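Peer 1: Structure in C-alpha cells, see below.
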Number of protein chains: 4
Amino acid sequence: MSKRVRIGVIGTGTLGMHHCHTLALLTPQAELAAVADNRDEAARAAAALGSETSIATDYRALLEDRSIQAVIITTPNDTHAQLVREAAEADKDIYCEKPLALDMADADSALEAVAGNSVKLQIGFQRRFDPAYREARSALLAGDLGSIELIVGTTRDPAPPPPAYLERSGGFFVDTAIHDYDAVRFLTGLEVTDVFATAATLILEDPRERPMRDTSVTSLRLENGALATITNSRRSNYGYDVRIEVAGSKGKLALGEERRTAVRTYTEAGASHDFVGSYWELFQTAYVAELRHFVQCVAEDKGPEVTGEDGRKALQIALLAERSSQEGRSLSMDQLR
Amino acid sequence: MSKRVRIGVIGTGTLGMHHCHTLALLTPQAELAAVADNRDEAARAAAALGSETSIATDYRALLEDRSIQAVIITTPNDTHAQLVREAAEADKDIYCEKPLALDMADADSALEAVAGNSVKLQIGFQRRFDPAYREARSALLAGDLGSIELIVGTTRDPAPPPPAYLERSGGFFVDTAIHDYDAVRFLTGLEVTDVFATAATLILEDPRERPMRDTSVTSLRLENGALATITNSRRSNYGYDVRIEVAGSKGKLALGEERRTAVRTYTEAGASHDFVGSYWELFQTAYVAELRHFVQCVAEDKGPEVTGEDGRKALQIALLAERSSQEGRSLSMDQLR
Amino acid sequence: MSKRVRIGVIGTGTLGMHHCHTLALLTPQAELAAVADNRDEAARAAAALGSETSIATDYRALLEDRSIQAVIITTPNDTHAQLVREAAEADKDIYCEKPLALDMADADSALEAVAGNSVKLQIGFQRRFDPAYREARSALLAGDLGSIELIVGTTRDPAPPPPAYLERSGGFFVDTAIHDYDAVRFLTGLEVTDVFATAATLILEDPRERPMRDTSVTSLRLENGALATITNSRRSNYGYDVRIEVAGSKGKLALGEERRTAVRTYTEAGASHDFVGSYWELFQTAYVAELRHFVQCVAEDKGPEVTGEDGRKALQIALLAERSSQEGRSLSMDQLR
Amino acid sequence: MSKRVRIGVIGTGTLGMHHCHTLALLTPQAELAAVADNRDEAARAAAALGSETSIATDYRALLEDRSIQAVIITTPNDTHAQLVREAAEADKDIYCEKPLALDMADADSALEAVAGNSVKLQIGFQRRFDPAYREARSALLAGDLGSIELIVGTTRDPAPPPPAYLERSGGFFVDTAIHDYDAVRFLTGLEVTDVFATAATLILEDPRERPMRDTSVTSLRLENGALATITNSRRSNYGYDVRIEVAGSKGKLALGEERRTAVRTYTEAGASHDFVGSYWELFQTAYVAELRHFVQCVAEDKGPEVTGEDGRKALQIALLAERSSQEGRSLSMDQLR
C-alpha cells in the first residue's frame, strides 16, 4: 500500500467526529494525524480514534505542522471562509463543509486564496456521493427522462438544531436549503437563472430565534426554462425526509422515500415501517465515500469532483432566496454577484 | 322510491357524456330529461343513454322547458358564467364545471344571479367527493397531523388538450391548477392569503398556442402562516399524476400515487406497474358521487357541499397566479377582488 | 333497451342482499323479480330494493314462477348442490356461489342436472372479474413472464364467520382456500395434478368449532411441473389480505397489497395507511361485473366464463387438501374422482 | 487498541475473497495472517489484500501455524465438516460457512470435535446480522405481533451457480433453503417439528444436473402449532429476491422487497426501479457484521451468537425436506436424528 495521506481535522463536533472515525477506521489510505478544537475534551475524544494523533486547542498549531498534507474543516458555518483562506495559505489541501461562506465577498476571497496557493478544495455536498443520487444523475444526463421540465425537492430535518448552532448558521436557506439547490445542479447539470422564495417561522419558539426562518418554499427557473420547487422544514416527526423528483419530456425520476429498512408491520393500530433517523443514517455511505474521494484526490493529485465553484453557486442561490423572501419578488442570478 | 329529479345536460363533450351516463344509468334518483349541444350528433348520442330524453341544439330551448328542475353545465370554460346566469334566471338548480368564470366580474355577476333567483349552485370540484380526499380532510381537520405547516401538491395531465379546448380554457392556472388550489382549501379548511407563481411553455408546440403556459409552480401562503407549493404540467408520459402531501406539526399525510391496479411485474427489463390513464380513471367514483350529491340536494332541497363561493375563491387564486407569473412578484389576495 | 332479464334471488343474507342491490340498481339489463328467504324480514328488506319484487319464504314458490328466467343462489354452502339441481329442473339459468357442493358426488349430480336441462351455470368466483386479475391473466397467458414456475398466494379473512355459518361451510379448504385454488387455475390456465396440505386450529376458540381448521398451507403441483403454495387464515387484524405472486422463467407478477386508498400518514407513532376492510371492499367492482356478465349471458344466450367444471375442479382440490392434511401425505388429483 | 486477532482464511473463492477484504480492510481488530487455497493464484490475490499475509496451497500448513488463532472456512460444502474437525483439533476458533455438513453423522462428529477441544464455532448464517432481521426478531420476540401463526418466506437466486459448485453443494435444500429454515428459527425463536417438501427441476438444463432440484416449496409446522411455507428458486430475472412475512395473532411483519436504492423512474415504457443484484449487495452490512462479531468473540473469549447447534438444526430440516420431497409425505423432526 502506498504512503498514507496525513490529515488534520479542525472542529470535532458531531460531524467532525464522524469524519475522524471515517479517516481513522474506514479509509486505509488516510492517517488521522491531528485534530484541533478549542474544546479540549472533544479534541481528545476525536484523537483517541487514531493512533499517534496529535491534539491542538488552537487550529493554527495544526496548520503550522508541515507534515500534515490536508485538512478537514467542520467548524461553525461562520468560520468556514476564514479557515479555508488560512489553510490555503498554509498550503494544505482542503475539504470544507458547506456552506463555503455566509456572503459572496467572503466566498470569493476564500476561492482566491485556494487558487493563489494552488491547493485543492472539496465542498461537503455529500449527496453527490450517495449511490442513489449518482444513479439518478447518470440516468438524467443520459437523457433517459428526456429534457428536464419540472423538479420537486424537499429536505426536512427531524428537529431544529440547538440555538448555538443556529445563530452561527447563516440562516435557513444558507444552512439547509443549500443542499437541495446543489442537488438540483448536480442531478440535472443545469444552472439556475431565477430565484423566488417565501419563508415562515412556524417551529422555533425561543424569541431570540424567531427572526430566523424554519419553513420555506423556493421556486427556481433553470437555464433551459425548466422550473423547480424546493421545500424545507426544520420539523419532521417521521424522521429525516429527503426526496427529489425530476420530470422530463420522457417521464420522471423519483429519489428518496420515508423508510429505513425493508421491515413493515401491519396491526390493528395500522401499517408501519421505520423511519430514517438522521442524515447520518441516510447518507452513511455517502459521508464515507466523499472523504475517501478527497483522500484519493490528495494522494493522486487530482481535482475533487465537488469544486469551490459548486460551493459558490449554491451559496449564491441561497442568498438570493433569502433576499427574495424578504422582498416578495423573483430575482435573477445576476442580481447578486 | 320518490319522484325522480328531471335534469338537463348542456354540453355533451367527453365530460358531459360521462355525466349523462351517470345520470341515466347510475343515479336512480335522476332522470336524464334533456340534452343540449349545438353539435347535433353529440346531442343525439347523449340522449340515447336515457329514455325519452329530449334533444336541443340550442340550450335556450332546454332552459325554457319548465318540467326540467336542474341543469348540468359542461360547455367550454368561457361560457360557464353566462350559462349560470341564464339558468339561474330560468329558475334551474345548477351544477357547473370549473371554472365558474374566467374573470372576477363575470364570477360575481353569475353568483348574484344565483342568489337573486334562490337556486342551488354546485361547482365541479370532483376531488371533494373522492374517498381518499374525504378521508384525508377528516384526518387533517381532526388535527391528526397537528397544525398545518407545509403542502406540496401536483397535477400533471398525460398530454395537452386539443387547441380548440385550450383557446377557450382561460389559461393553465384557471383551467388546471385551479383543482389543486381548491384541494388545498378543501383539505386544510384554510384560506389562501398570498400567491406567487412562475410558469413556462415547454410542451405546446403550435405557434398559436405558445403564448399559453403548460408548466407552472405556484407558491401559496395560508391564513395560518403555512406555505404551499403546487406544480402543474400538461405532460406526463407515465399517466395522470395527481398527488398532494400535507405536513403539520405532528407529521404528514400523503395522498395519491402513480399506480392504477395492484398488479406489478418484475422482469429483466425492470419492475413495472400500470399507470392511471386519465382523470376518468382516477376519479371514476368521485364523478359519480358528486352528481349523486347534486341530485340529492335538489331532491331534498339542501345546499350542495361545494358552493359558488368555493368556485369564486379558487378562481381568484388562479387569476392572481397568472398575474404573479407575469409580474414576477408575490401578490396578496386583496390585490384582486 | 332490450327486454330485461327477470331474476330471482334465493338466500338474502349479506351476499344475497349485495347481489339484490347490484341487480336492482346497477344492472339496467336485469329486473329483480323475486326474492326467497325463509327469514321473512330478510326477504322483505331485499325486495324493497326492487320495484314490484315478489317475496317468498319458500324458494320453491320462486322456482315455480315461470316468468323468472334465472336464479341467484346465495344460501348456505351445504344447500348449493340441491338448489342447483332443483333450479335446473325448473329450467332456470343459474348463478351459484362457491362451493358448488360439499362432496364430489353432489357436485356431479348437480352438473348432470344442469347439462340434462340445458340451462346455464355460473359459479361465483368473483376474482375472475376483478380488473387486476384479468390484467394479470392476460399478461401470464401472453407469456410475458415466461413459463410458470412458482406461485405464492394467500387469503386471510379479518375474522372467522359466525358459528352458524361455519358449521354449514364445508370446512376451511372448501369454504376459503377454494378461491385461491381457482385463482391459480384462472391466472395460469394450468391444471393442478398434486395436492399436499397441512392445517391448524389457532384462532377458533369455541370447543364446538375446534375440530375445524382456521390456518392452512397448501402445496400444489401443476401439470407443467410448476409448484404453488397457498396460505390461508381466518385472522388478519390488518384487514382483508388477498395477494398472489406468479413467477415464471422471465420474471414475476405480483397482485394485491395491504392498502385501500392512496392515503398514507407519517407521524411520531409511525407510518400508516388504511386497510382493505372486507371482500366487499376489495372486490366491489368484481361483484358487480360478475353479475352483469351472468345477466348478459342469459340475455344473449351465451355460456358464462366461469363454468360448472371450474366449480368442480376447485372443489376437488379443496377436498384433496382436506384429506391430505389428515393423512400427512401428498395426493394426486386422480385419487379423488 | 488491543492486540489484533490473527486469522487464517481457508478457501478463497468469491465468498472467501469477500471475507479477506472484510478482515484486512474493515475489521481493525483482525489481522489477515494467512490464506490457503489449492489454487495458487486465488490464494495470492487474497493475500494481496493484507500485509505480511502468508500463503498456503495446503490448508494443513495454515492449521499448523500456532500464531494463528482462528480460521474462516469458505471451501466447498462437502468439505466443511472435515475442516471443522481438523481446525478444532488444531485448537483454532472457527467460523464456518453453511451448511455445517451434508449429513447428520458428519455434523455430529464435527460438533463433537468442537466441544472436545473447547474451541468456538460460528456458522455463516449472515442474515442474523442484517439490521432488518434483527429489528424483526426483536419485534416478534417482544410479542408485538402476538403469538406466531403463519410464515411465508422465499429466497430466489438470480441464476444457478456453476456445475462445479452444484455437484458439491449437497443439493438445493441443504445449500439454499437452509438460509430460510434458519431465518424461521431466528425470527420466531421457535423450533420446527414437522417438514413436508415438494421440489422440481425447471431451470437446470445440463443432463448431469437434472437430478438436482432448482425449485421447491417446503411446509413447516412449528412447536407452537404455527405453519410456515418456504419457496425457493434458482432463477429470478429481477434480482436476488429474499423476503419473509410472519403473521401472528396481532398482525403481521413483512421483511424484504425487490428494490435496491430509492430511485424509481416512470416513463411511457412503465414504472421501474433497480433490483438487488446479489446476496453481496443485499447482505453487505451483514457479512461485515458477522465477521466482526466472530473476531470480537475470539478476542473477548465469548461464545458466538450463531452456534454449531443452529447449524445442525437447519441441516436437519433441510435433510428432512429432501427426504420428504422424495417420499411425498410429511416427516417429523424425530424421524432424523
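The values are calculated or read from the model by the stated rules, or taken from the named source; none is laboratory data. Since the structure is predicted, the reported quantities are computational estimates derived from the model, not experimental observations. Cβ sites come from the backbone with ideal geometry, for glycine too, and all protein chains shown count toward neighbours. Accessible surface is based on the protein model in full, side chains and every heavy atom, while ligands, DNA and RNA are left aside. Shrake-Rupley method; radii C 1.70, N 1.55, O 1.52, S 1.80 Å.
Peer 1: When only residues in the stretch B:134-150 that are open to solvent by 50 Å² or more (accessible area, probe 1.4 Å) and in contact (Cβ under 8 Å) with a residue 40 or more places away in the chain count, which is nearest to C:GLY270 (Cα to Cα)?
Peer 2: Looking at the filtered set, the residue picked out is B:ASP144.
Peer 1: Restricting the stretch B:262-298 to residues that are surrounded by fewer than 17 Cβ atoms within 10 Å (Cβ to Cβ) and over 23 Å from the mean Cα position of the chain (by Cα), which is nearest to the other protein chains (Cβ to nearest Cβ)?
Peer 2: It comes out as B:GLU268.
Peer 1: Okay, moving on. Here is a list: C:ALA34, C:ALA56, C:ALA46. Which entry is of a type outside the set (Asp, Glu), in contact with a strand residue (DSSP E or B) (Cβ under 9 Å, 6 or more places away or on another chain) and surrounded by fewer than 24 Cβ atoms within 10 Å (Cβ to Cβ)?
Peer 2: Testing whether each residue is of a type outside the set (Asp, Glu), in contact with a strand residue (DSSP E or B) (Cβ under 9 Å, 6 or more places away or on another chain) and surrounded by fewer than 24 Cβ atoms within 10 Å (Cβ to Cβ) leaves just C:ALA56.
Peer 1: Could you please let me know if A:GLY153 is open to solvent by less than 20 Å² (accessible area, probe 1.4 Å), in contact with a helix residue (DSSP H, G or I) (Cβ under 9 Å, 6 or more places away or on another chain) and either modelled with pLDDT of 95 or more or assigned by TED's automatic domain parsing to the domain that holds A:HIS80 (or both)?
Peer 2: The answer is yes for A:GLY153.
Peer 1: Kindly check whether there is at least one residue in the stretch D:89-106 that is free of Cβ contacts under 8 Å to residues at least 40 places away in the same chain, closer than 24 Å to D:ALA314 by Cα, under 23 Å from the mean Cα position of the chain (by Cα) and in a helix (DSSP H, G or I).
Peer 2: Scanning the stretch D:89-106 turns up at least one residue that is free of Cβ contacts under 8 Å to residues at least 40 places away in the same chain, closer than 24 Å to D:ALA314 by Cα, under 23 Å from the mean Cα position of the chain (by Cα) and in a helix (DSSP H, G or I).
Peer 1: In the stretch A:98-121, is there at least one residue being outside the structural domain of A:GLY328 (by TED's automatic domain parsing), out of contact with any strand residue (DSSP E or B) (no Cβ under 9 Å at 6 or more places or on another chain) and hydroxyl-bearing (Ser, Thr, Tyr)?
Peer 2: Taking every residue of the stretch A:98-121 in turn, at least one turns out to be outside the structural domain of A:GLY328 (by TED's automatic domain parsing), out of contact with any strand residue (DSSP E or B) (no Cβ under 9 Å at 6 or more places or on another chain) and hydroxyl-bearing (Ser, Thr, Tyr).
Peer 1: So which of B:PRO158, B:PRO131 is closer than 30 Å to B:GLY251 by Cβ and open to solvent by 20 Å² or more (accessible area, probe 1.4 Å)?
Peer 2: Answer to the selection: B:PRO131.
Peer 1: Here's something else I'd like to know. Could you grab me the full set of residues in the stretch C:262-300 that are charged (D, E, K, R) and not in a loop (DSSP other than H, G, I, E, B)? Steps first, answer last, please.
Peer 2: Step one: of the stretch C:262-300, the residues charged (D, E, K, R) are C:264, C:268, C:274, C:281, C:290, C:292, C:300.
Result: C:ARG264, C:GLU281, C:GLU290, C:ARG292, C:GLU300.
Peer 1: Sort out for me the strands (runs of 3 or more DSSP E) sitting completely within the stretch C:144-261 that have 3 or more residues that are farther than 30 Å from B:PHE129 by Cβ and away from chain B (no Cβ under 14 Å).
Peer 2: The strands (runs of 3 or more DSSP E) meeting that bar are C:148-156, C:192-200, C:215-222, C:227-233.
Peer 1: A further question follows. Within the group A:PRO28, A:PRO76, which residue is over 23 Å from A:ASP182 (Cβ atoms) and surrounded by fewer than 19 Cβ atoms within 10 Å (Cβ to Cβ)? Lay out the reasoning, then the answer.
Peer 2: Values: A:PRO76 fails: over 23 Å from A:ASP182 (Cβ atoms).
Every option except A:PRO28 fails the conditions.
Peer 1: Just one of (1) surrounded by fewer than 20 Cβ atoms within 10 Å (Cβ to Cβ); (2) touching a strand residue (DSSP E or B) at 6+ places or on another chain (Cβ under 6 Å); (3) modelled with pLDDT of 80 or more trips up A:ARG259, so point out which.
Peer 2: It is condition (3) that A:ARG259 fails.
Peer 1: Residue check: is B:ASN38 touching a residue at least 60 places away in the same chain (Cβ under 8 Å) and either touching a Phe, Trp or Tyr at 6+ places or on another chain (Cβ under 9 Å) or away from chain C (no Cβ under 14 Å) (or both)?
Peer 2: Criteria not met by B:ASN38.
Peer 1: Looking only at the stretch D:309-324, decide whether some residue is within 24 Å of D:ALA107 (Cβ to Cβ), hydrophobic (A, V, I, L, M, F, W, C), in a helix (DSSP H, G or I) and open to solvent by 30 Å² or more (accessible area, probe 1.4 Å).
Peer 2: Yes, because at least one residue in the stretch D:309-324 is within 24 Å of D:ALA107 (Cβ to Cβ), hydrophobic (A, V, I, L, M, F, W, C), in a helix (DSSP H, G or I) and open to solvent by 30 Å² or more (accessible area, probe 1.4 Å).
Peer 1: Of all residues in the stretch D:44-78, count the ones that are among the polar types (S, T, N, Q) and touching a residue at least 40 places away in the same chain (Cβ under 8 Å).
Peer 2: Filtering the stretch D:44-78 down to residues among the polar types (S, T, N, Q) leaves D:51, D:53-54, D:57, D:67, D:69, D:74-75, D:77.
Pick out the ones that are also touching a residue at least 40 places away in the same chain (Cβ under 8 Å) and you get D:67, D:69, D:74-75, D:77.
Qualifying residue count for the region: 5.
Peer 1: Please enumerate the residues belonging to the stretch D:114-128 that are open to solvent by less than 30 Å² (accessible area, probe 1.4 Å) and either at positive phi or not basic (Lys, Arg) (or both).
Peer 2: Hits for the stretch D:114-128 are D:VAL114, D:VAL119, D:LEU121, D:GLN122, D:ILE123, D:GLY124, D:PHE125, D:GLN126.
Peer 1: Same structure, new question: Restricting the first residue to the stretch A:163-177 and requiring it to be assigned by TED's automatic domain parsing to the domain that holds A:ILE203 and under 15 Å from A:ALA199 (Cα atoms), which pairs with a second residue that is of a type in the set (Lys, Arg) and surrounded by 23 or more Cβ atoms within 10 Å (Cβ to Cβ) meet a Cβ separation below 8 Å and a spacing of at least six or different chains?
Peer 2: Partner pairs satisfying both residue conditions: A:GLY171/A:ARG213; A:PHE172/A:ARG213; A:PHE172/A:ARG234; A:PHE173/A:ARG213; A:THR176/A:ARG234.
Peer 1: Here's another thing I want to ask about it. Which strands (runs of 3 or more DSSP E) does the stretch A:1-88 wholly contain that include 1 or more residues that are over 21 Å from A:ASP106 (Cβ atoms) and in contact with a Ser or Thr (Cβ under 6 Å, 6 or more places away or on another chain)?
Peer 2: A:5-10, A:30-36
Peer 1: Here is a follow-up. Being in contact (Cβ under 8 Å) with a residue 40 or more places away in the chain and more than 22 Å from D:TYR266 (Cα to Cα) narrows it down to one of B:GLY256, B:GLY225, B:GLY248, so name that one. Write out each step before concluding.
Peer 2: Working: B:GLY256 fails: more than 22 Å from D:TYR266 (Cα to Cα); B:GLY225 fails: in contact (Cβ under 8 Å) with a residue 40 or more places away in the chain.
Among B:GLY256, B:GLY225, B:GLY248, only B:GLY248 is in contact (Cβ under 8 Å) with a residue 40 or more places away in the chain and more than 22 Å from D:TYR266 (Cα to Cα).
Peer 1: Hey, can you tell me all the residues within the stretch D:297-327 that are farther than 30 Å from D:THR27 by Cα and touching a residue at least 40 places away in the same chain (Cβ under 8 Å)?
Peer 2: Result: D:GLN316, D:ILE317, D:ALA318, D:LEU319, D:LEU320, D:ALA321, D:GLU322, D:SER324, D:SER325.
Peer 1: Go through B:ILE203, B:ILE230 for me and flag whichever is in the same structural domain as B:PRO162 (by TED's automatic domain parsing), closer than 17 Å to B:THR155 by Cα and surrounded by 21 or more Cβ atoms within 10 Å (Cβ to Cβ).
Peer 2: Sole residue among the options that is in the same structural domain as B:PRO162 (by TED's automatic domain parsing), closer than 17 Å to B:THR155 by Cα and surrounded by 21 or more Cβ atoms within 10 Å (Cβ to Cβ): B:ILE230.
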